[in-house]
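Written out below as structure tokens is the structure these notes cover.
The values are calculated or read from the model by the stated rules, or taken from the named source; none is laboratory data. Note that the structure is a prediction, hence the values are computed from the model and not measured. Here the Cβ positions follow ideal geometry from the backbone for every residue, glycine too, while neighbour counts run over all protein chains shown. Ligands, DNA and RNA are stripped out before the accessible areas are found, and what is left, the full protein with its side chains, is counted by its heavy atoms. Shrake-Rupley method; radii C 1.70, N 1.55, O 1.52, S 1.80 Å.
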Amino acid sequence: MSAIAGVWYPDGRPGAKADCTRVSRALALYGPHRDGLWDGGEIALAHRLMRFLPEDRFDRQPLAGRGGRLRLVADCRIDNREELGRALGIGPADQAMMCDAAFILAALDRWGEGALERLCGDFAFAAWDSDARTLLLARDPVGNRPLHYHAGAGWFAFASMPRGLLALADVPTGPDPERLLTWQMLLPLEGRRSFYKGVSRLEIGHLAVIGADGRIVERRHWDPRRVPRRHVRGDEDAVALREALDRAVGAQVRGLGGTAMMLSGGLDSTALAGSAAPLLAARDRQLQAYTNVPAGQNATFHRQLLADEGPLAAMMAARHPNIDHHLVQAHDAELLPVMERMIALADQPVMNPLSTAWMHEIFVRAARAGAPVVLTGVSGNMGLTYTGEHLLIRHVARLRLWSLWRDAGLLASLGIHRTRGRAIRLSVRPLLPADLLALWRRLQRSPVDAHPAVLPVQWDSPQAQALFAERAGPAHPLNRVRTWQEWHDIIMRSRDPGPINAAVNAAYGIDRRDPTSDRRLLEVCLSLGEDRYLRNGRTKDVFRRAFADRIPSPILDNPQRGFQTADWKQILLKAKGPIQAELAHQARVGACTDLIDIGDLQALADSLDQADPASRQSVERHFLKLTRGLAAGLFTRRAAGGN
């Protein structure tokens with residue numbers, strides 16, 4: 001992770017260098033090892049480096065190309081350096097002396113915007129073309145690196161994180177009420193809105209070209225819906241999937257120190273372990289694996305949820321002598337300070353607040369072990385271990401009624417859908433004409449659920465109803481999805497991991513990497529039809545064939561899903577006093593009481609002793625609503641200046 005920034009005054013007024021310096025200083029936590037600044041008069045660019053890669057010792061950003069006419073700042077890790085080097089005619093000796101940003105510069109110099117089709121890895125960058133007087137911004141397809149901007153009257157600024165832009169006096173401050181509302185309502189993340197009303201985000205997989213006239217043109221440079229389908233025979237798909245994962249893992253273990261990973265008892269992380277451990281063993285290196293386990297015995301509200309993944313993770317670790325397996329407990333962390341620190345550094349609330357506790361324990365221990373690279377598989381469910389559930393829509397369209405009945409029953413038995421009937425209804429819905437779908441939605445129960453800590457008046461407001469109509473109504477693409485590629489596109493765009501990754505970098509000096517988000521791996525997954533995933537009477541069939549010899553069968557065949565914080569009641573009871581004090585503080589901040597149902601959250605905190613982990617309703621209210629509402633309040637209090 002590095003931090004980048006820039007300020008541009010197209011009318012030539014003075015101050016770009018001074019303002020860019022101010023933005024850069026606000027981002028110092030995200031790049032403590034080196035800072036650089038280029039002053040181009042009307043525009044200034046800044047870069048702050050946090051070293052994680054061997055080649056970072058050659059990083060001297062901002063970089064210059066085309067005889068100084070092209071300037072670049074980039075926060076990046078490029079995973080196909082050798083491939084790019086060959087295409088650019090750069091020999092191995094010269095490649096070894098190049099930082100990763102230099103590959104982006106060379107690619108832009110050769111291919112212009114077309115370079116984005118060739119880059120693999122995590123990146124966010126800005127490139128200034130002095131001849132055209134245009135600024136190009138871009139983010140990687142999954143959004144693992146953040147990038148934000150503000151378009152003022154006659155000026156433009158960008159920064160990795162909102163706090164950089166908020167260092168400028170002319171950027172409006174304060175939380176964005178609509179973004180907080182959609183976040184709490186669990187509506188899909190769409191558009192440029194960040195959690196600050198004066199700051200926009202560049203969407204994942206997008207580029208933006210800013211002209212001297214202030215016009216901003218944004219477009220996607222990678223679209224998963226356009227990945228061509230491949231027709232396979234036998235186990236060709238399994239071989240391709242396995243090779244793609246190994247390539248992604250091999251590229252992402254590059255680093256200055258040791259390698260660690262988050263190891264659960266699930267399929268994504270065990271596949272990563274099965275790939276990373278042999279690769280590291282060949283280099284005589286250890287893999288530090290950390291598993292979150294609950295404190296004591298814990299019930300869950302559904303038989304498909306596994307409370308303790310420790311035994312399965314230990315089974316996987318035992319296969320590889322070079323895996324050092326460690327157990328951690330979220331209960332050991334001080335929840336409120338950890339949450340507040342992560343929210344402050346991410347410049348946004350966190351969706352799974354209790355996860356910050358066990359991740360804190362993992363990151364602290366990995367840093368102590370000298371393993372700053374931590375692998376995770378958070379994108380796996382959207383690609384590598386996709387279930388194949390959208391095959392049911394094809395069954396409906398082709399009137400394959402027996403196949404529909406059979407596969408709907410399978411999905412219900414695995415807890416993917418609550419009932420067979422619900423699985424069938426959701427498969428019929430996308431095929432309905434728009435007017436019938438609208439009637440369907442009106443006949444369904446209210447979409448309001450127990451999760452959001454939103455005031456009742458907000459639910460009934462015209463703004464909320466308009467947002468529901470736009471993002472949860474019949475016309476929304478999520479309700480019209482007919483293929484899994486369309487579903488993947490919407491789900492991936494509904495999340496933005498970049499700010500959280502940046503917060504982890506700044507808080508722990510840890511580089512959280514996700515091989516399951518590798519573009520080449522995702523393209524292999526997306527090239528396969530749903531019938532390669534849901535077949536032979538099981539979900540994730542291609543994955544199971546690809547990794548049958550790497551993952552123990554008790555893990556591979558386990559129908560349960562891990563419940564990462566099954567001991568949530570103990571964690572919250574330990575933090576009950578600080579939670580009550582924080583909510584009392586939020587109750588005195590007008591922005592919090594305007595946006596969040598503080599009274600209901602206080603009632604939930606007061607009744608934590610009566611919480612029942614075996615009750616779905618209690619989980620939804622005492623666990624999900626309380627913690628997410630608390631996170632929204634922590635952010636709002638800070639953003640509104642109520643610190």
(1) touching a residue at least 12 places away in the same chain (Cβ under 8 Å); (2) open to solvent by less than 30 Å² (accessible area, probe 1.4 Å); (3) on the phi > 0 side of the Ramachandran plot all hold for GLY112 apart from (1)
Tell me, please, whether a residue that is out of contact with any Pro (no Cβ under 7 Å at 6 or more places or on another chain), closer than 17 Å to SER160 by Cβ, among the aromatic types (Phe, Trp, Tyr) and at pLDDT 95 or above can be found in segment 42-65. no
Quick count over segment 610-643, residues being in contact with a helix residue (DSSP H, G or I) (Cβ under 7 Å, 6 or more places away or on another chain) and farther than 30 Å from ALA167 by Cβ, is 8
Of the residues in segment 198-224, those that are more than 24 Å from the chain's Cα centre (by Cα) and not β-branched (Val, Ile, Thr) come to GLY211, ALA212, ASP213, GLY214, ARG215
Within segment 380-416, residues surrounded by fewer than 23 Cβ atoms within 10 Å (Cβ to Cβ) and not in a helix (DSSP H, G or I) come out as THR385, THR387, ARG398, LEU399, ARG400, LEU414, GLY415, ILE416
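Of ARG616, ARG621, which residue is touching a Phe, Trp or Tyr at 6+ places or on another chain (Cβ under 7 Å), of a type outside the set (Ser, Thr, Tyr) and within 29 Å of ARG418 (Cα to Cα)? I'd like the intermediate steps shown before the answer.
Values: ARG621 fails: touching a Phe, Trp or Tyr at 6+ places or on another chain (Cβ under 7 Å).
None of the other options fit; the residue is ARG616.
Report yes if TYR30 is hydroxyl-bearing (Ser, Thr, Tyr), closer than 25 Å to PRO515 by Cα and in contact with a strand residue (DSSP E or B) (Cβ under 9 Å, 6 or more places away or on another chain), otherwise no. Give the steps one after another, and end with the answer.
Working: hydroxyl-bearing (Ser, Thr, Tyr): yes; closer than 25 Å to PRO515 by Cα: yes; in contact with a strand residue (DSSP E or B) (Cβ under 9 Å, 6 or more places away or on another chain): yes.
So TYR30 fits the description; yes.
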Within segment 338-354, is even one residue surrounded by fewer than 24 Cβ atoms within 10 Å (Cβ to Cβ), of a type in the set (Lys, Arg) and assigned to a helix (DSSP H, G or I)? yes
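Identify all residues within segment 8-26 that are crowded, with 19+ Cβ neighbours inside 10 Å and within 22 Å of ILE216 (Cβ to Cβ); write none if there are none.
The first filter runs over segment 8-26 and keeps only residues crowded, with 19+ Cβ neighbours inside 10 Å, leaving 8-9, 16, 19-20, 23-24, 26.
Of everything in segment 8-26, those that are crowded, with 19+ Cβ neighbours inside 10 Å and within 22 Å of ILE216 (Cβ to Cβ) turn out to be TRP8, TYR9, ALA16, ASP19, CYS20, VAL23.
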Point to revise | Flag if PRO311 is in a loop (DSSP other than H, G, I, E, B), at pLDDT 95 or above and surrounded by fewer than 21 Cβ atoms within 10 Å (Cβ to Cβ) | key: no
Among ASP531, ASP557, the single one that is free of Cβ contacts under 8 Å to residues at least 24 places away in the same chain and either touching a Cys at 6+ places or on another chain (Cβ under 6 Å) or under 18 Å from THR385 (Cα atoms) (or both) is ASP557
In the set ARG550, ARG535, ARG588, ARG561, the lone residue that is under 28 Å from CYS120 (Cα atoms) and among the charged types (D, E, K, R) is ARG550
Being without any contact (Cβ under 8 Å) to a residue 60 or more places away in the chain and either under 25 Å from SER517 (Cα atoms) or of a type in the set (Ser, Thr, Tyr) (or both) narrows ALA333, ALA289 down to just ALA289
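Just give me the residues in segment 204-221 being open to solvent by less than 30 Å² (accessible area, probe 1.4 Å), at negative phi and either touching a Phe, Trp or Tyr at 6+ places or on another chain (Cβ under 8 Å) or not aliphatic (A, V, I, L, M) (or both), in sequence order.
Keep residues of segment 204-221 that are open to solvent by less than 30 Å² (accessible area, probe 1.4 Å), which gives 204-208, 210-211, 221.
Adding the requirement that they be at negative phi leaves 204, 206-208, 210-211, 221.
Listed by number, the residues that qualify are HIS206, ALA208, ILE210, GLY211, HIS221.
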Taking segment 351-375 and keeping residues modelled with pLDDT under 95 and in contact with a Phe, Trp or Tyr (Cβ under 9 Å, 6 or more places away or on another chain) leaves MET351, LEU354
* Is segment 598-607 home to any residue that is farther than 15 Å from PRO353 by Cα, part of a loop (DSSP other than H, G, I, E, B), open to solvent by 30 Å² or more (accessible area, probe 1.4 Å) and of a type outside the set (Gly, Ala, Ser)? -> no
If we take segment 1-120, then strands (runs of 3 or more DSSP E) inside it with 2 or more residues that are under 28 Å from the mean Cα position of the chain (by Cα) are 2-8, 34-39, 43-49, 70-78
Exactly one of ALA132, ALA126 is buried (at least 24 other Cβ atoms within 10 Å of the Cβ) and either assigned to a loop (DSSP other than H, G, I, E, B) or touching a residue at least 60 places away in the same chain (Cβ under 8 Å) (or both), and that residue is ALA126
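Residue-wise test of (1) farther than 28 Å from ASP56 by Cα; (2) assigned to a helix (DSSP H, G or I).
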{"site": "ALA208", "(1), (2)": "no, no"}
{"site": "ALA240", "(1), (2)": "yes, yes"}
{"site": "ALA248", "(1), (2)": "no, yes"}
{"site": "ALA251", "(1), (2)": "no, yes"}
{"site": "ALA273", "(1), (2)": "no, yes"}
{"site": "ALA276", "(1), (2)": "no, yes"}
{"site": "ARG283", "(1), (2)": "no, no"}
{"site": "TYR290", "(1), (2)": "no, no"}
